[in-house]
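J.: Below you'll find the structure I mean.
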Amino acid sequence: MAKPFEPKVVAFLCNWCSYAGADLCGVSRFQYPPNVRIIRVMCSGSVNPLYILRAFQQGADGVLVSGCHPGDCHYLKGNLYARRRFAVLRRLLDYVGVDPKRFQVSWVSASEGDKFAKVIKDVVEDVRHLGPQKRLKRRV
Amino acid sequence: MSHHEERNKKVREVAKKALEDKKVRYFIGYTPGTYCGRDQPVFVDKPGDVDRLQWGPGSTHNLAVYIMDDKRRPLKKGEQPDKRPIGIIVKGCDTMGLVEYLKERIIDRNDVFLVGVECDGIVDQAKLEARLKKEKVPIKARLDLKLSVEGDDLIVDYEGGNLKVPFKDLMLDKCMVCDRREPIMHDVIITRTGELKEGREETARVGERRKKGRSKSRKEEDYADIKAIEDMTLDERAAYWDKELSRCIRCYACRSSCPLCYCEQCVVDPSNLSTKPTTAPEEKARRPKWVERNNDLSETLFFHLVRALHTAGRCIDCGECERACPMDIPLRKLTRKIRKDMKELFDQEAGSDPNEKPAMATAREEDPQEFVR
Amino acid sequence: MTQDRPMKEGLIKKGEVVRWLRALAKEGKEVLVPVETDGKVGYEPLSSVKDDKVLLDFTNSHRPPKGVVFPQNEVLLLYETEKDKKDAAGKIKKGSLKVREVRPEMKETVIFAIRPCDARAVAILDIVFSGTNMDPYYWARREKVLLVGLACAEPDLNCFCTSVGGSPGGKEGLDILLTGIDGGLYAEALTTKGVDLMASKAFEAPGAGASEEAEVTHKAAIVAFARVLKDGVVEPKAVAETLTGKYEDPYWDETARRCIGCGACAFLCPTCHCFDINDEGTKRKGRRVRSWDTCQFPDFTQHTSGHNPRPLKKFRIRQRVYHKFKYMPDNIGVLGCVGCGRCISMCPMNMDIFKVLVDVKAWEAQAKKGAKP
């Protein structure tokens, strides 16, 4: 019997807000799907679009980048640069036929443990409905 | 003397004077090419050689692409750096590349002596060759064509005859919707009628030029083909890009011909790993390989996505990438999508103001974020 | 090895050609035919082509069919480290590295209507990949490929095969040569494989004088070369000799200045055969792949030490000319160019190898003048 599809979602979480929020989520015992693989980065602004494409290349079905709310960035403007960058990347991916729901961005603060769980749940569900990502996956 | 001849005369005069006065190190311009009326880039070092220069509807190339090469040329032993500018002919589209260079502070305004030319459009070589075949112009005659513009017509002179064709039938697609036929930044300018005028640094945004009623707006006309692709379903878009990009042979002609792709080492171009004898082995070993050399579709898609992203806020749509591509991949449909998005999302236009901060190096509080959870 | 007398002659009506090819396909052969897609001619499998789309009237394909015998990516071997295993005593046995060589497998493939220049290029590749460079991957494919040539009725604008020892009716590398004459295509089988291919009722006996008629077709094409009409024929042996003394000439720097260093010329060339080998994958599992490479890329001669013997474009342009016109004739007895002209047509900056040959011819003439007492 074939195993049901379990999406692999890679999440880049900024150290100061979203990663801390994820920690709080865990400590508070909020449940979220185990499909997410978390990568801690110092700032959402440090996430190069190359990493996102690389994740897809290595077989990720979905990618999430989560950072501080605008105005709260530990490095003042990092998340604002990220916002610009990802707006462009998202539209470009849609344009070449990669469903934009595969690449999502969220602002999750250190105190929003519950929001973190919800974001992960929603992203994983979105990606689950889209099925495995084959377009950018390396075929070696 | 026709306008065409007047303009050539002026180009040669300007270059000659600049070289004689030793005001420039050398002059980059256009000279007749080897077939079908195209021009080729030429580098003139001596005042005596300026007669090689010409400028006309075959002057397709964006000569700004040679500037970074020059900047990077290693000095010979004992050679003192020559601080004089390079003379260069720039059409309206080419000038915008230089605006971007200034914006990114990769050159100094005094590194270039800009000879602007008012442009009526450039011939599409593929369209021209098809037309010559259709008109059964003898094959030998097709080697040595002379192209000139008279009013709205293109005149093609060849041994034993000539053709008069409405220019818009044979023009490059990008020229049909161009609204920057007058370069916005130059040291001197040669007008359509062959007059030589003093330079200006008018970097008014396209929107403001539109207000002055100078030329048609790009926005209304230009992105129809992008919208057509946007209106396809996701699967149709995927199929379209798979079909177009599967032809890519990863020759890197697009990157080589783009003036804004000036990185000595490109993250997605494995054909150029610029190392020196002083590069540490650890640095070489740790260099990530983002794409493989093979041209599987997954690698090719990665390459083109990253290249398109790196042109965000910088691409001036000179069209050289698409022209250089030997496989006729519609690259401008990728880069112009980004250009369209930059305008819609951030009201930004590359190549208009050298004093602006680069678009991806700035951010506003009010940037759109409806896609953010 | 050119045959003076064909092993078998025949005549096939143009209307019978596709039927003959379909019969070959039915026997289990892969048949590649020229078709036009989006204005460009390419070789596609007959199974995906409608009868009336098979071209008999075209100058040359956009890309040479070199990829059939020498694909852009070729997997050489696969490697995998087995997972560690625990034996009965609970001791861990480290997984061993398994390496498996991969040999390409393909059906017998007929390339229909390959032009004499491209076939000659395959004959050149045969020599390159033989002898001390005996290449099992190349030959695994080459042994399965049959070349049915179609003599050229008219050259393309940039063709110059007669200047490099070729001809529009050339037979090198072919199993069959077809030439258009009155009443159909005159067919000459040049190898036993060609004879076998012609064992079909589609071929009638040729009329008397068919062979002479075919010669007329070839000669008519020979005198139509635009480049030769303009600049005369170039003698390849003389070129190789003249190049000997011109290695340090500033000509190479001047010519190279407008080159932008892309790989379009080499990747579209039917004789270019340089490649790079890369391991793709992880430490545990992956493959070793050979991909096309070109001496025009900056890191082609990049050493691990950081030294690059060809750091500037002028060295690389010079290398291209010397390799094709001097080193290959000196070392393996064949020119590295068949005169198809694709590099000229594809170059975005109008680099022109035939112009280089003409310039070399001029040097030779100068030298002769100077040598006269």
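The values are calculated or read from the model by the stated rules, or taken from the named source; none is laboratory data. Given the structure is predicted, the values throughout are model-derived calculations rather than measurements. For neighbour counting, all protein chains shown are included, and Cβ atoms are generated from backbone atoms with ideal geometry for every residue, glycine included.
J.: Does at least one position in the stretch B:235-248 carry a residue that is assigned to a loop (DSSP other than H, G, I, E, B), charged (D, E, K, R) and out of contact with any strand residue (DSSP E or B) (no Cβ under 7 Å at 6 or more places or on another chain)?
T.: Yes, there is a match, as at least one residue in the stretch B:235-248 is assigned to a loop (DSSP other than H, G, I, E, B), charged (D, E, K, R) and out of contact with any strand residue (DSSP E or B) (no Cβ under 7 Å at 6 or more places or on another chain).
J.: Could you check how many residues of the stretch C:225-236 are free of Cβ contacts under 8 Å to residues at least 40 places away in the same chain and closer than 13 Å to C:Val360 by Cα? Outline the logic, then answer.
T.: Kept after step one, since they are free of Cβ contacts under 8 Å to residues at least 40 places away in the same chain, are these residues of the stretch C:225-236: C:229-230.
Remaining after also requiring closer than 13 Å to C:Val360 by Cα: none.
Summing the residues that are free of Cβ contacts under 8 Å to residues at least 40 places away in the same chain and closer than 13 Å to C:Val360 by Cα in the stretch C:225-236 gives 0.
J.: So which of B:Val44, B:Val65 is crowded, with 20+ Cβ neighbours inside 10 Å, assigned by TED's automatic domain parsing to the domain that holds B:Asp94 and over 23 Å from B:Glu6 (Cα atoms)?
T.: Details: B:Val44 fails: over 23 Å from B:Glu6 (Cα atoms).
Answer to the selection: B:Val65.
J.: C:Ala214 - would you say it is touching a residue at least 40 places away in the same chain (Cβ under 8 Å) and either out of contact with any His (no Cβ under 9 Å at 6 or more places or on another chain) or not assigned by TED's automatic domain parsing to the domain that holds C:Gly341 (or both)?
T.: yes
J.: Looking at the stretch A:46-71, which of its residues are within 12 Å of chain B (Cβ to nearest Cβ), in contact with a helix residue (DSSP H, G or I) (Cβ under 8 Å, 6 or more places away or on another chain) and touching a residue at least 40 places away in the same chain (Cβ under 8 Å)?
T.: Of the residues in the stretch A:46-71, the ones within 12 Å of chain B (Cβ to nearest Cβ) are A:48-59, A:64-71.
Cutting the leftovers down to in contact with a helix residue (DSSP H, G or I) (Cβ under 8 Å, 6 or more places away or on another chain) gives us A:49-50, A:52-53, A:56-57, A:64-70.
A:Pro49, A:Ile52, A:Leu53, A:Phe56, A:Gln57, A:Leu64, A:Val65, A:Ser66, A:Gly67, A:Cys68, A:His69, listed by residue number.
J.: Given the options C:Phe129, C:Phe112, name the one that is in the same structural domain as C:Cys152 (by TED's automatic domain parsing) and surrounded by fewer than 22 Cβ atoms within 10 Å (Cβ to Cβ). Steps first, please.
T.: Working: C:Phe112 fails: surrounded by fewer than 22 Cβ atoms within 10 Å (Cβ to Cβ).
The unique qualifying residue is C:Phe129.
J.: Something else about it: Scan the stretch B:157-201 for residues that are in contact with a strand residue (DSSP E or B) (Cβ under 7 Å, 6 or more places away or on another chain) and of a type in the set (Phe, Trp, Tyr) and jot them down.
T.: Result: B:Phe167, single match.
J.: Same structure again: Take the conditions in contact (Cβ under 8 Å) with a residue 24 or more places away in the chain, over 23 Å from the mean Cα position of the chain (by Cα) and assigned to a loop (DSSP other than H, G, I, E, B) and apply them to C:Ser200. Does it pass? Please lay out each step first, then the result.
T.: On the way: in contact (Cβ under 8 Å) with a residue 24 or more places away in the chain: yes; over 23 Å from the mean Cα position of the chain (by Cα): yes; assigned to a loop (DSSP other than H, G, I, E, B): yes.
Yes, satisfied.
J.: Please determine, by comparing only the residues of the stretch B:308-349 that are in contact with a Gly (Cβ under 7 Å, 6 or more places away or on another chain) and outside any helix (DSSP H, G or I), which one is nearest to B:Lys243 (Cα to Cα).
T.: The first filter runs over the stretch B:308-349 and keeps only residues in contact with a Gly (Cβ under 7 Å, 6 or more places away or on another chain), leaving B:316, B:318, B:332, B:342, B:348.
Imposing the further condition that a residue be outside any helix (DSSP H, G or I) reduces the set to B:316, B:318, B:348.
Numbers: B:Ile316: 26, B:Cys318: 24, B:Gln348: 31 Å.
For the stretch B:308-349, the residue satisfying everything is B:Cys318.
J.: Filter the stretch C:15-38 down to the residues that are touching a Pro at 6+ places or on another chain (Cβ under 9 Å) and assigned to a helix (DSSP H, G or I) and list them by number.
T.: C:Ala25
J.: For the stretch C:276-298, state whether one or more residues are under 22 Å from C:Lys314 (Cβ atoms) and more than 26 Å from the chain's Cα centre (by Cα).
T.: Step one: filter the stretch C:276-298 for residues under 22 Å from C:Lys314 (Cβ atoms), giving C:293-298.
With the extra rule that they be more than 26 Å from the chain's Cα centre (by Cα), the set shrinks to none.
Scanning the stretch C:276-298 turns up no residue that is under 22 Å from C:Lys314 (Cβ atoms) and more than 26 Å from the chain's Cα centre (by Cα).
J.: Of the conditions (1) within 13 Å of another protein chain (Cβ to nearest Cβ); (2) of a type outside the set (S, T, N, Q); (3) without any contact (Cβ under 8 Å) to a residue 40 or more places away in the chain, A:Arg40 satisfies every one except a single condition; which number is it?
T.: A:Arg40 satisfies all of (1) within 13 Å of another protein chain (Cβ to nearest Cβ); (2) of a type outside the set (S, T, N, Q); (3) without any contact (Cβ under 8 Å) to a residue 40 or more places away in the chain except (1).
J.: Let me ask something additional. Restricting the search to the stretch C:287-314, which residues are touching a helix residue (DSSP H, G or I) at 6+ places or on another chain (Cβ under 7 Å) and either at the interface with chain B (Cβ under 7 Å from one of its Cβ atoms) or under 17 Å from C:Met351 (Cβ atoms) (or both)? Steps first, please.
T.: Just the residues of the stretch C:287-314 that are touching a helix residue (DSSP H, G or I) at 6+ places or on another chain (Cβ under 7 Å), to begin with: C:292-296, C:308-310, C:313-314.
Selection gives C:Thr294, C:Cys295, C:Gln296, C:Arg310, C:Lys313, C:Lys314.
J.: Within the stretch A:95-140, restricting attention to residues that are facing chain B (nearest Cβ under 8 Å) and among the polar types (S, T, N, Q), which residue is farthest from A:Gly71 (Cα to Cα)?
T.: Taking the candidates together, the pick is A:Gln104.
J.: With a cut-off of at least 1 residues that are away from every other protein chain (no Cβ under 12 Å) and touching a residue at least 24 places away in the same chain (Cβ under 8 Å), name the strands (runs of 3 or more DSSP E) lying wholly within the stretch B:39-138.
T.: Because the criterion is at least 1 residues that are away from every other protein chain (no Cβ under 12 Å) and touching a residue at least 24 places away in the same chain (Cβ under 8 Å), the strands (runs of 3 or more DSSP E) in the stretch B:39-138 that meet it are B:86-90, B:112-117.
J.: Please pick out the residue among B:Ala324, B:Ala359, B:Ala363, B:Ala350 that is more than 30 Å from A:Gly59 (Cα to Cα), over 26 Å from the mean Cα position of the chain (by Cα) and crowded, with 16+ Cβ neighbours inside 10 Å. It would help to see each step written out before you state the result.
T.: Values: B:Ala324 fails: over 26 Å from the mean Cα position of the chain (by Cα); B:Ala359 fails: over 26 Å from the mean Cα position of the chain (by Cα); B:Ala350 fails: over 26 Å from the mean Cα position of the chain (by Cα).
Answer to the check: B:Ala363.
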